[in-house]
Amino acid sequence: MTQTARENVEEIADARTETFESIDPRTGEVVGEHPIHDAETVGNRVAAAREAQAAWDELGFSGRKQHLDSWRKLLVKRLDELAGVICAETGKPLEDAKLELVLVIDHLAWATSNAEKVLKRRKVSPGVLMSNQTATVEYLPYGVVGVIGPWNYPAFTPMGSIAYALAAGNAVVFKPSELTPGVGEWLVKSFAEAVPEHPVFQLVTGYGSTGAALCKAGVNKVAFTGSTATGKRVMASCAENLIPVLVECGGKDALIVDADADLAAAADAAVWGAMSNAGQTCIGVERVYVHEAVADRYLKMVSDRAAKLRPGGEPGADFGPITMASQVDIIRGHIDDAINRGGRAVIGGRDSVRPPFVEPVVIADAPEDSTAITEETFGPTLVVQRVKDVDEAITLANATNYGLGGTVFSRARGMELARRLRSGMVAVNSVIAFAGVPALPFGGVGDSGFGRIHGADGLREFARPQSVTRTKFTIPLNPMSFARPKGTVSTVVKLIKVLRGR
Ligand code: NAD
C-alpha cells in the first residue's frame with residue numbers, strides 16, 4: 001500500500017475509532033479530541049515508519065541535517081503557537097512553555113550538528129595481535145524507535161529521544177501522554193510540514209494500552225519516559241521480544257548546602273528547583289540538606305522566597321496547576337505524613353492544597369522515613385533538613401532508590417561533593433543547569449532508570465555499533481585456520497607472554 005493510500009485508510013479508520021478528550025487543567029475546558037489507537041493502527045504506523053526509514057537512512061547525515069534544520073526553523077518561527085498548546089494541556093505559564101521550547105530547539109540543533117561526528121565510521125587500533133587488520137566501528141540506526149512520553153515537559157522530554165533518534169537515521173513512532181496528545185500531534189504535523197517527503201515521524205495517541213501496543217508492534221527500540229512503575233511494565237513487555245529499552249523515570253533529587261555556600265543563591269535555586277512548573281519536574285528539588293551552621297539563616301531565606309509565590313492560571317502566575325488530577329492526593333498525603341510525624345510546616349501546610357492548584361509548601365525537619373522524603377511528591381513542596389556536616393548530607397541524599405539529578409552549593413568542595421552523589425547528573429552552585437547543556441548525557445541510576453538521552457551518549461543510544469575488520473595483508477602464522485602450521489599457537493602464546501606478562 002502506498003503512503004497516501006495507507007493514510008487515507010487510517011483516516012477512515014480514525015473516524016470510527018474511539019476518542020478521548022484533552023483537558024485544560026486550569027479550567028477543565030476541553031481543548032482537543034484525539035483517537036485512542038488500537039494495536040492494529042499502532043502496527044500500521046510502525047509499518048509506515050519502517051517503510052520511510054530506509055530512504056531517511058540513505059540520505060546520510062548531511063541530507064538528514066538539511067531536513068531537520070528545516071524543521072528546527074519552523075519550530076523557531078512557530079514557537080509561540082506550540083507554547084500555547086503546551087499551556088493549554090499542562091496549565092503551565094506561557095513563559096515556562098517558551099523556555100521549554102528554547103531547550104527543545106537547542107537540543108535539536110546539537111543532535112543534527114553532531115550526529116555525523118559521533119556516529120560515523122571511525123578507525124580503532126587493531127592491536128598488536130591483529131595488526132594485519134583495519135578495524136572500524138560505525139553506529140547504524142536501529143530502524144524504528146518507539147518513543148513513549150510523559151506530560152510534565154511534553155515537548156522537551158520526548159524530544160530528547162525524538163531529535164537524537166531521527167538524527168541517527170531512525171524513524172520514530174511517538175506516543176505522547178494522554179494528558180498532552182495535542183503537543184504530540186503538533187510536533188508530528190510540524191515535522192510533516194517541514195519534511196513532507198519523509199514520513200519518518202509518526203504519531204499514535206491513547207492511554208497506556210496504546211503505549212503497551214507500541215512496545216509489541218515490532219519497533220526496534222523503545223525510549224520510555226515516565227514513572228518508575230510504568231517503566232518496569234514497559235521493560236517487562238519489551239523483554240518478551242528482547243527489544244532494547246531506554247528508561248527515564250522519576251526522581252527524588254536533593255540539594256546540599258555546605259556551610260561556605262552562597263546562601264542567597266542556594267535559596268533561590270532550591271525554590272526555583274522545587275516550585276517551578278508546580279514541582280512537576282523529574283529533576284526538581286524535593287529535599288534540601290543544609291549544614292547546621294547556616295541552617296536557620298538558610299531556612300529563612302527559602303521561606304521568604306517561597307512565601308511570595310502564587311500559583312494560578314493567569315499569565316503572570318508563578319506556576320500553574322497540578323496537571324494530573326490524581327497527583328493531588330499524593331501531594332496531600334506527603335504533606336500530612338511529614339506534619340503528622342513531627343515535621344514543621346514553615347510555609348503553607350495542609351490547607352495549601354486547593355485543587356487544581358497547590359500553594360508553596362516548605363516543611364522543615366521531617367522524619368527521614370516520611371513519604372515526603374522517600375517518595376516522589378511532584379508538587380510545589382520542599383523539605384529542608386538540617387545536618388551536622390556535608391558527609392551526613394551525602395549519606396542522606398543517597399539513601400533513596402532513585403538517582404536522577406542533584407544539586408550542590410559549596411564554595412570549596414562543590415566538585416568533590418558532586419562526585420559522591422549517586423545520581424546521573426549534578427549541578428554545582430546552580431540548579432538543573434545540566435539539562436540545558438545539549439552535549440551532556442541526561443539520565444539516572446536505580447529507580448530513575450538507565451540509558452541516556454542528550455549528548456554523544458544520547459546519539460549512540462539510538463544506534464547499534466557495528467564493528468568491521470578488513471584484512472590489510474595475510475600473515476604467515478594465522479592461528480584461526482585449520483591449515484595453521486604446527487607451533488603457531490605456541491608462538492602466539494610466547495608473544496602474549498612477552499607482551500602482556502609483565
Ligand atoms: P506515566 O508512567 O503514567 O506515563 C508515561 C507514559 O507511559 C504515558 O504516555 C502513558 O500513556 C504510557 N503508559 C502507561 N502505561 C503504559 C504501558 N503499560 N505500556 C506502555 N506505555 C504506558 O508517567 P507520567 O505521569 O506521564 O509522567 C510523570 C513521571 O515521569 C514522573 O515520575 C516523572 O519524574 C517522570 N519523568 C521522568 C523524566 C526523566 O527524564 N527521567 C522526565 C520527565 C518525567
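Tabulated data for the structure shown
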{"quantity": "Filter pass, LEU299 being in contact with a strand residue (DSSP E or B) (Cβ under 9 Å, 6 or more places away or on another chain), assigned to a loop (DSSP other than H, G, I, E, B) and not charged (D, E, K, R)", "calculated": "no"}
{"quantity": "Top-ranked residue in the range 232-247 [being more than 9 Å from the ligand (Cβ to nearest atom) and touching a Lys or Arg at 6+ places or on another chain (Cβ under 9 Å); ranked as nearest to LEU214 (Cα to Cα)]", "calculated": "CYS238"}
{"quantity": "Any strands (runs of 3 or more DSSP E) falling wholly within the range 110-204 and containing at least 2 residues that are crowded, with 24+ Cβ neighbours inside 10 Å and within 12 Å of the ligand (Cβ to nearest atom)", "calculated": "144-148, 171-175"}
{"quantity": "Residue tally, condition closer than 30 Å to VAL145 by Cβ and assigned to a loop (DSSP other than H, G, I, E, B), over the range 275-294", "calculated": "5"}
{"quantity": "Subset of the range 185-203 (residues that are over 18 Å from SER161 (Cβ atoms), among the acidic types (Asp, Glu) and within 24 Å of the chain's Cα centre (by Cα))", "calculated": "none"}
{"quantity": "Residue within the range 85-92 that is crowded, with 16+ Cβ neighbours inside 10 Å, within 13 Å of GLY184 (Cα to Cα) and of a type in the set (D, E, K, R) present", "calculated": "yes"}
{"quantity": "The range 35-67, residues that are within 30 Å of TYR207 (Cβ to Cβ), of a type in the set (A, V, I, L, M) and either free of Cβ contacts under 8 Å to residues at least 24 places away in the same chain or in a helix (DSSP H, G or I) (or both)", "calculated": "ALA39, VAL42, VAL46, ALA47, ALA48, ALA49, ALA52"}
{"quantity": "Any hit, the range 366-379, residues being within 28 Å of the chain's Cα centre (by Cα), of a type in the set (Gly, Ala, Ser) and within 16 Å of the ligand (Cβ to nearest atom)", "calculated": "yes"}
{"quantity": "Residue that is farthest from the chain's Cα centre (by Cα) [pool: residues in the range 400-441 that are under 21 Å from GLU375 (Cα atoms) and hydrophobic (A, V, I, L, M, F, W, C)]", "calculated": "VAL408"}
{"quantity": "Filtered residue count, the range 222-231, keeping only those that are part of a loop (DSSP other than H, G, I, E, B) and either under 22 Å from ILE373 (Cβ atoms) or more than 7 Å from the ligand (Cβ to nearest atom) (or both)", "calculated": "1"}
{"quantity": "Any hit, the range 256-274, residues being part of a strand (DSSP E or B) and away from the ligand (no atom under 14 Å from the Cβ)", "calculated": "yes"}
{"quantity": "Subset of the range 317-348 (residues that are assigned to a strand (DSSP E or B) and under 20 Å from VAL288 (Cα atoms))", "calculated": "ARG344, ALA345, VAL346, ILE347"}
{"quantity": "Evaluation of HIS454 against (1) surrounded by fewer than 24 Cβ atoms within 10 Å (Cβ to Cβ); (2) of a type outside the set (D, E, K, R); (3) within 16 Å of the ligand (Cβ to nearest atom) (one fails), failing number", "calculated": "(1)"}
{"quantity": "Condition met for VAL219 (within 14 Å of the ligand (Cβ to nearest atom), buried (at least 18 other Cβ atoms within 10 Å of the Cβ) and touching a residue at least 60 places away in the same chain (Cβ under 8 Å))", "calculated": "yes"}
{"quantity": "Qualifying residue in the range 349-372 (condition: among the acidic types (Asp, Glu), surrounded by fewer than 22 Cβ atoms within 10 Å (Cβ to Cβ), part of a loop (DSSP other than H, G, I, E, B) and touching a residue at least 60 places away in the same chain (Cβ under 8 Å))", "calculated": "no"}
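For every residue, the table says whether it meets (1) within 15 Å of the ligand (Cβ to nearest atom); (2) in a helix (DSSP H, G or I); (3) without any contact (Cβ under 8 Å) to a residue 40 or more places away in the chain; (4) buried (at least 19 other Cβ atoms within 10 Å of the Cβ).
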site: LEU417; (1), (2), (3), (4): no, yes, no, yes
site: MET425; (1), (2), (3), (4): yes, no, no, yes
site: SER430; (1), (2), (3), (4): no, no, no, no
site: ALA435; (1), (2), (3), (4): yes, yes, no, yes
site: ALA439; (1), (2), (3), (4): no, no, no, no
site: GLY444; (1), (2), (3), (4): yes, no, no, yes
site: ASP447; (1), (2), (3), (4): yes, yes, no, yes
site: LEU459; (1), (2), (3), (4): no, yes, no, yes
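Just so you know, all these numbers are worked out from the coordinates, no wet-lab data involved. None of the values given here were measured: they were computed from a predicted structure. With ideal geometry, Cβ positions are generated from the backbone for all residues, glycine too; neighbour counts draw on all protein chains shown.
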